[in-house]
Each structure stands twice: as C-alpha cells, then as structure tokens.
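Everything on this sheet refers to the single structure shown next.
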Amino acid sequence: MIPRLVVASKNPDKIEEIEAVMEEVGLAGEIVRGLEWPDVEETGSTLEENALLKARAVMETVGLPAIADDTGLEVAALEGLPGVETARYAGPCASYHDNVVRLLSQMEGLTDRRARFRTAVALVMPDGSELVVDGVLEGVIAETPRGSGGFGYDPVFEVEGMTLSEMGVAHKNTLSHRARALRALAETLGLAGRCAGCRAWSSSEPVSPGSTRPRRRAVLRSRSPSSTAATSICFSPCSTRWRLRR
C-alpha cells in the first residue's frame, strides 16, 4: 500500500470514480485532497504519454506519489477516432454533451458501431520510479444516448445491451476501462489478487478468441540517471500469466 497518494486530476467526475476503485483495492493508505498545482497541458501523442505528463507534473509540484489517467474512445468505423482527442473531440472547451453530439453525427448512417474505451494510468513516485498500466473495455456506440448516470461518453457507450450511464456506479466500477486499469496497477504492485472482470472465470480457464476478459499491459520505468530501461509486463488476461519483456 502506498502511504499517501495524490490523484492528479481536476475533473471531479474522474476523481470520484478513481478514488472509489482505489479505496476498494487498497491502493493508498491516504488519498491526499485539497492540494493545488498548475494546469498540465496534454501534449502527448498517446494516452500513456499524457498520463505520465500529468502524474510527473503533480508529483514534482506536491512532492508526493501521484496517479493520473488519460482515456481514449476508439471507434472502429472512425479508424480509432477520437482517440487521444476524446476529451476535446468537439473542441478545446467542449462539454460532455458537445462531444457526444459530434460523435453521433460522425457515425450517422454507419452500421459498424464497434468501439472500445482504453485508459492509461500512470503512477509516478518521488524516487523517480514510474509505472504505466492500461485497461480496455469493448462495446458499441448506441444510436441515441440512454441513461442518466456516469459522465463523458457513458450515455452512448453500450456493453451487452446497457449503456454505462444505465449502470449503477457499483456495476460500472466492476467492469469499466478505468477500473480495469486501476486494478491492474494494484495487481502489479502486489495489492490485488485477481484482475478486473475475471471474477466470473477460473484463472485456469483458457482464453478463447473474442473473449471479453480484459487484456492489459504494464510498463515499469526508472527515471534515475543510472537506469534507462523500461520493462513491459504483459498479462492476458490475469496475473497468473505474466510475460516479462525488456
């Protein structure tokens, strides 16, 4: 368990969701709130880069371990868009509603509604060590928004016939992309025994093509001058099957 940890975000919806999962998996002894830091411009070309930018900036400002995420909606028929521009799809100051409206207009008349949410979560420690993990949720884009819960694209992201907005918070937090990434982080740190979404399956059960069980990746880095190597830990779908790559 990390004794004290800062969530490097100013989005209250995202903070609430992250903190709920962090508390569930026992990631931090104390989630430190009420600190201030300058806005961080998301200039990275990937979700991982943006998550690291935010976590590094906050850790360097407040001097505490920091966790940050960046999430992309990747739509098959739009060749992976909006991707890294998900939060700004309808413009730099776009609201949740603006982004959903633009997405639905771009998909009007398209029959291929397949999409996935992907979240990259970065943890940066004061000693310079870094950990990046990701979590993926497959689904489809609904024809029209449904539900009153959640935030962002939740009203139009459908999983097994239900949008994320139609799910209760507890249900969403058992399967969401962000929850899967955070559980992957906890698991990589040795704080959780099983990955998100795997509880319905035995860890010895084979993975079939097209399985909805989560596939995730973790990358550990050191920013110290003596070490420039990054180690990638691929686990698919559960921690019982890790592959180490350098």
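Take L131 and tell me if it is in contact with an Asp or Glu (Cβ under 8 Å, 6 or more places away or on another chain), hydrophobic (A, V, I, L, M, F, W, C), crowded, with 16+ Cβ neighbours inside 10 Å and within 22 Å of I18 (Cα to Cα).
Against the criterion (in contact with an Asp or Glu (Cβ under 8 Å, 6 or more places away or on another chain), hydrophobic (A, V, I, L, M, F, W, C), crowded, with 16+ Cβ neighbours inside 10 Å and within 22 Å of I18 (Cα to Cα)), L131 does not qualify.
Identify the residue in segment 17-32 that is in a helix (DSSP H, G or I) and touching a Leu at 6+ places or on another chain (Cβ under 8 Å) and, among all such residues, is farthest from A57 (Cα to Cα).
V25
Can you find a residue in segment 33-56 that is assigned to a strand (DSSP E or B) and out of contact with any Pro (no Cβ under 8 Å at 6 or more places or on another chain)?
no
Across segment 71-100, what is the total count of residues that are more than 16 Å from the chain's Cα centre (by Cα), within 22 Å of E17 (Cβ to Cβ) and in a helix (DSSP H, G or I)?
6
Can you confirm whether segment 19-36 contains a residue that is touching a Ser or Thr at 6+ places or on another chain (Cβ under 8 Å), within 19 Å of R183 (Cβ to Cβ) and not β-branched (V, I, T)?
No, every residue in segment 19-36 fails to be touching a Ser or Thr at 6+ places or on another chain (Cβ under 8 Å), within 19 Å of R183 (Cβ to Cβ) and not β-branched (V, I, T).
Go through (1) surrounded by 14 or more Cβ atoms within 10 Å (Cβ to Cβ); (2) modelled with pLDDT of 90 or more; (3) under 30 Å from Q106 (Cα atoms) and name the single condition A184 misses.
Evaluating A184 over (1) surrounded by 14 or more Cβ atoms within 10 Å (Cβ to Cβ); (2) modelled with pLDDT of 90 or more; (3) under 30 Å from Q106 (Cα atoms) leaves (3) as the failure.
Please give the number of the condition P155 fails out of (1) modelled with pLDDT under 95; (2) closer than 28 Å to A68 by Cα.
(1)
So K14 passes all but one of these: (1) assigned to a strand (DSSP E or B); (2) under 30 Å from E143 (Cβ atoms). Which condition number does it fail?
Of the numbered conditions (1) assigned to a strand (DSSP E or B); (2) under 30 Å from E143 (Cβ atoms), the odd one out for K14 is (1).
Give the residues of segment 101-110 that are surrounded by fewer than 22 Cβ atoms within 10 Å (Cβ to Cβ) and either free of Cβ contacts under 8 Å to residues at least 24 places away in the same chain or not in a loop (DSSP other than H, G, I, E, B) (or both), sorted by residue number.
Hits for segment 101-110 are V101, R102, L104, S105, Q106, E108, G109.
Of all residues in segment 137-178, which are farther than 20 Å from Y89 by Cα, assigned to a loop (DSSP other than H, G, I, E, B) and of a type in the set (A, V, I, L, M)?
Once the filter is applied, which keeps residues that are farther than 20 Å from Y89 by Cα, assigned to a loop (DSSP other than H, G, I, E, B) and of a type in the set (A, V, I, L, M), segment 137-178 yields only M167.
What do you reckon, is S105 out of contact with any Phe, Trp or Tyr (no Cβ under 6 Å at 6 or more places or on another chain) and modelled with pLDDT under 95?
The answer is no for S105.
Determine the pairs where a residue that is over 11 Å from Y96 (Cβ atoms), located within segment 142-166, has a partner that is in a strand (DSSP E or B) and among the aliphatic types (A, V, I, L, M) with Cβ atoms under 6 Å apart, the partner being 6 or more residues away or on another chain.
Partner pairs satisfying both residue conditions: E158/V140.
Just to be sure, is E48 surrounded by 15 or more Cβ atoms within 10 Å (Cβ to Cβ), modelled with pLDDT under 90 and not basic (K, R)?
It is false that E48 is surrounded by 15 or more Cβ atoms within 10 Å (Cβ to Cβ), modelled with pLDDT under 90 and not basic (K, R).
The values are calculated or read from the model by the stated rules, or taken from the named source; none is laboratory data. As the structure is a computational prediction, the values presented were derived from the model and not from experiment. We place every Cβ from the backbone using ideal geometry, glycine too, and count neighbours over all the protein chains shown.
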